[in-house]
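First up is the structure itself, then whatever we jot down about it.
The values are calculated or read from the model by the stated rules, or taken from the named source; none is laboratory data. A quick note: this is a predicted structure, and the numbers were derived from the prediction, not measured. When we count neighbours, we look across all protein chains shown, and the Cβ atoms used for this are built from the backbone with ideal geometry, even at glycine.
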Amino acid sequence: MNRLQSGDELKVDDELISREGWVRLVLQADGNLVLYRTQVGLRLWASNTAGQPVSRVVMEPGGNLVAETAPGTTVWATGTGGNAGASAVLQDDGDFVVHDALGKVLWKTGTVQDFHTPTIEIVDANGYAYVETSETWKILCSQLPCFGALHWPGYATLVLDDEIDGEAVVIQLWKGWIPAIPGVRFLPGGVGAEVGVYRRMPGSLRLRSLPLLPGTLEQFVVGAVGTFTDREFWWPFPELDAELEFTLVNPVTGNAVFSAGPERSYWLAKWMTQGTHIRYWVDQGGGVPLSAEEYVLEYSLNGRPGRWPSA
């Protein structure tokens, strides 16, 4: 459900989900009504009613969206009363709006997101910056194959044939150093990892182009795999709806560097930006591996753990 019509309500732990599923609005047990970007759990907006005994959020017949306590005391409202027939909608662009019966916007959170960039940058409570692949980038890349040659010095890969829920799959892992691409702001480089779930599809077309990559990199990759057979390609498996998560571990200290997920997808990727990794190195007193490939990748697929390198 992505909207509240007149008389509809959210109780504690109920949520609205946009049609694409990219944002969700939840009435939390702490009394706060919060809007999140689903994939990365990024908080976009809140009613700031945490600590209040809010029991429901209701779309009143007069058009006001209110958060109420059990006795019926209003602790938050959009102030849109006097608009009978109004409704509240969680839009696919990330905005949560109240509009009247004719579609005129009466109130909004102002949280429109750019879902068309290939990556999302997130800054944590410590000021560390990370980059993850965006929702739309995953959709675009779901049409492209993967292969064992897709790695480079400093960024290693491991390919595993396995089975998940009775389906034969190829699990491809990466970890290490991602170089920045000059002039491409959304690919800042850094240290991180990826977990991908694929399947072999005999008889599929060979790779002729990778239009999503910058020209020079596209020529290099396509040239490197031009003689591959279809057995040496594997294709994204979003239909499996696998739950992926991972933690990158510092082998020097044994502590987690950062975690990603859980997320239902065929591909989970996250990198600590170059500037942040330098700061992390300083914060650790230089206690980091000499090569980024030496970081340990602990991952989970549908709750089943794995580790690279194995213990």
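Here Gly79 passes the criteria (1) farther than 17 Å from Asn2 by Cα; (2) buried (at least 20 other Cβ atoms within 10 Å of the Cβ) except the one numbered (2). Tell me, which residue of the stretch 243-262 that is buried (at least 22 other Cβ atoms within 10 Å of the Cβ) and under 16 Å from the mean Cα position of the chain (by Cα) is farthest from Glu20 (Cα to Cα)? The residue in question is Phe246. Selection of the stretch 268-290 for residues being charged (D, E, K, R), touching a residue at least 60 places away in the same chain (Cβ under 8 Å) and surrounded by fewer than 21 Cβ atoms within 10 Å (Cβ to Cβ) yields only Arg279.
Restricting to the stretch 156-185, and then to whatever is part of a loop (DSSP other than H, G, I, E, B) and small (Gly, Ala, Ser), can you tell me which residue is surrounded by the most Cβ atoms within 10 Å (Cβ to Cβ)? Break it down into steps so the answer makes sense when it comes.
Taking the stretch 156-185 first, the residues part of a loop (DSSP other than H, G, I, E, B) are 165-166, 179-185.
Imposing the further condition that a residue be small (Gly, Ala, Ser) reduces the set to 166, 180, 183.
Numbers: Gly166: 5, Ala180: 13, Gly183: 7.
Looking at the filtered set, the residue picked out is Ala180.
Return yes or no: is Gly21 touching a helix residue (DSSP H, G or I) at 6+ places or on another chain (Cβ under 9 Å), under 30 Å from Glu263 (Cβ atoms) and not hydrophobic (A, V, I, L, M, F, W, C)?
Numbers: touching a helix residue (DSSP H, G or I) at 6+ places or on another chain (Cβ under 9 Å): yes; under 30 Å from Glu263 (Cβ atoms): yes; not hydrophobic (A, V, I, L, M, F, W, C): yes.
The answer is yes for Gly21.
Among the candidates Pro188, Pro153, Pro202, single out the residue that is surrounded by fewer than 15 Cβ atoms within 10 Å (Cβ to Cβ) and within 28 Å of Ser291 (Cα to Cα). It would help to see each step written out before you state the result.
Details: Pro188 fails: surrounded by fewer than 15 Cβ atoms within 10 Å (Cβ to Cβ); Pro202 fails: within 28 Å of Ser291 (Cα to Cα).
Being surrounded by fewer than 15 Cβ atoms within 10 Å (Cβ to Cβ) and within 28 Å of Ser291 (Cα to Cα) holds for just one of Pro188, Pro153, Pro202, which is Pro153.
Looking at Gly190, Gly166, can you tell me which residue is of a type in the set (Gly, Ala, Ser), in the same structural domain as Gly261 (by TED's automatic domain parsing) and either touching a residue at least 60 places away in the same chain (Cβ under 8 Å) or closer than 21 Å to Val296 by Cα (or both)? Steps first, please.
On the way: Gly166 fails: either touching a residue at least 60 places away in the same chain (Cβ under 8 Å) or closer than 21 Å to Val296 by Cα (or both).
Checking each option against the conditions leaves just Gly190.
Checking each residue in the stretch 82-109 for being in contact (Cβ under 8 Å) with a residue 40 or more places away in the chain and either part of a loop (DSSP other than H, G, I, E, B) or in contact with a Leu (Cβ under 6 Å, 6 or more places away or on another chain) (or both) picks out Ala84, Gly85, Ala86, Ala88, Leu90, Gln91, Asp92, Gly94, Phe96, Thr109. Within the stretch 110-150, being in contact (Cβ under 8 Å) with a residue 24 or more places away in the chain, touching a helix residue (DSSP H, G or I) at 6+ places or on another chain (Cβ under 6 Å) and closer than 25 Å to Leu25 by Cα holds for Phe115, Pro118, Ala129.
Scanning the stretch 245-259 for residues that are in contact (Cβ under 8 Å) with a residue 24 or more places away in the chain and in a loop (DSSP other than H, G, I, E, B) turns up Asn250, Pro251, Val252, Thr253.
Test Gly79 against the stated conditions and say whether it is assigned to a loop (DSSP other than H, G, I, E, B) and over 30 Å from Glu132 (Cβ atoms). So Gly79 passes the test.
Would you check which residues across the stretch 123-150 are closer than 30 Å to Leu65 by Cα and either part of a loop (DSSP other than H, G, I, E, B) or not assigned by TED's automatic domain parsing to the domain that holds Ala193 (or both) and list them?
Narrowing the stretch 123-150 to residues closer than 30 Å to Leu65 by Cα: 135.
Within the stretch 123-150, no residue meets the criteria.
Filtering the stretch 134-168 to residues that are more than 28 Å from Asn250 (Cβ to Cβ) and within 22 Å of the chain's Cα centre (by Cα) leaves Glu135, Thr136, Ile139, Leu140, Cys141, Ser142, Gln143, Leu144, Pro145, Ile164.
Checking each residue in the stretch 14-60 for being of a type in the set (A, V, I, L, M) and within 13 Å of Thr111 (Cα to Cα) picks out Val23, Leu25, Val34, Leu35, Leu42, Leu44, Ala46.
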